[in-house]
1. With only Lys, Arg, Asp and Glu charged, each at its Cβ (+1 for the first two, -1 for the last two), find how big the charge dipole of the chain is about the Cα centre; round to the nearest 20 debye.
2. Identify, among Gln227, Ser198, Ala239, the residue whose Cα sits farthest towards the positive end of the charge dipole of the range 106-259, taking +1 on the Cβ of Lys and Arg and -1 on the Cβ of Asp and Glu, with the dipole about the Cα centre.
3. Please report, as a whole percent, how much of the solvent-accessible surface of the chain comes from carbon and sulfur atoms (probe radius 1.4 Å).
4. Give me the accessible area of Trp221, 1.4 Å probe, in Å² rounded to the nearest 10.
5. Over the chain, what is the percentage of antiparallel beta bridges among all DSSP beta bridges, to the nearest 5?
6. From the P(r) of the chain, could you give the percentage of C-alpha pairs in the tail past 34 Å?
7. Quick one: order Asp173, Asp202 from most to least accessible surface, probe 1.4 Å.
8. If you take the charge dipole of the chain about its Cα centre, with +1 on Lys and Arg Cβ and -1 on Asp and Glu Cβ, which of Thr313, Ser324, Ser189 is farthest toward its positive end?
Amino acid sequence: MTIARAEVANLYLQLCADCIPVRGASRCAICDLTRHEILLVPSSCYELLAYLSSDRMGVVLQRFVGTPGESFVEQFIECLRENDMIMFVSDPSLFPPIAERWEAPGVVQNAIIDVDDVVHDFERIFSQLDELGCQFVQIRGFSSGLSIERAGEILGLACHTSIEGVELILQHDPNISDDVYLRFLEAHSLLGSLTVHSAPADATLTMASGTGDDPSWPSKWVRFVRQRIDSHRHCGVIAVSTLTPPSVSTFFEGKLFNGCLNGKVSIDAGGHIKNCPSMSNSYGNIATTTLTGAVKMGDFKRMWAISKDQIQTCKDCEFRYVCSDCRAYLENPDDSYSKPLKCGYDPYSGEWTEWSASPLKQQAIRYYGIPHSDATSAIESMNAV
Ligand code: SF4
Ligand code: SF4
């Protein structure tokens, strides 16, 4: 054993407060909220961790001496130590857990605005989003109706509002070079990422978002995808790459609220105000209803509160607090608590498969009219903010 038993015999094993185990059916995910990493271990480790922390190390380790599990317990403790997830302490009460809460300054935190042939009145929309304190906006252009020039004007309108970041999806214009798209990204500080669909080839161009050589600045990227993204139906894919790297804020938001719809307001291509453009419930049209008025309506916030602990299958998944969720496309369209249709993960086997190929999902795929091309690998670039 790498830990010196004699040295820790009178100490307690303490999982760091920012490392939170989430038990799934087959695996346990220990979410490191500071390093933004996930350590996957067998699900039995969840109870093992609780046991190892329940008394002094000398006492808890004694139980395994000479048993078949002794070496596994040693390896597990070593693994936690190598990942800086545990401490050995004399008084665990001095290390309370992080309070489970999530707060945000505004009424709304993020918005999706879809654009097809008709470009909405963005000056009016941004002014209303500012009133609600909205911080992040995703603008999805499904056709040439939203040109790069028009998108530049729209980004200018977002300056000096509460909006801190914009994600943009545009249709590829064959008259515009990749360099121009990259310069467009560089020129607009609010723009965090640009996805260009219907491109001749898949490619990603990245640039540092800060100045100087500071590697801690996140990079910004232009992603070209061959796939045509021509409607809201492409949204909602859940894959390994779409899981949210855990932080204190995202983890507890994901635990207590809906990972996609909490704090969200959307405007679909027809101007209808919704929880998300793919949902049928409309709370009025932006031409005649204000976003503030819509958010205050009856059950607008009902979806915000549906957490993964309430959803079939997901409630047994170790990724449930780092997964965005989708309430618009469901395995069972008649059950608003059923698993997201576009997820290929099976928490009972711990395996990911291509969701669109599952025979069990074909009926729901037809029901929603989801394009055949929506395989996970093709469409991961369109994900709700
Ligand atoms: S992920 Fe699903 S619920 Fe969220 S915006 Fe997309 S379609 Fe709507
Ligand atoms: S959608 Fe559900 S089953 Fe799929 S990864 Fe997310 S929490 Fe797990």
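1. Value, rounded to 20: 860 debye.
2. Ranked along the dipole, the leading option is Ala239.
3. With neighbouring chains kept in place, the figure for the chain is 52 percent.
4. 60
5. Taking every DSSP beta bridge with both residues in the chain, the antiparallel ones total about 50 percent.
6. Percent of Cα pairs beyond 34 Å in the chain: 36.
7. The most accessible residue leads, giving Asp202, Asp173.
8. After comparing all options, I get Thr313.
The values are calculated or read from the model by the stated rules, or taken from the named source; none is laboratory data. Since this is a predicted model, take the numbers as computed values, not measurements. Methodologically, a virtual Cβ is constructed for each residue, glycine included, from the backbone with ideal geometry; neighbour enumeration extends over all protein chains shown. Calculation scope for accessible area: heavy atoms of the full protein, side chains included, ligands and nucleic acids excluded. Shrake-Rupley method; radii C 1.70, N 1.55, O 1.52, S 1.80 Å.
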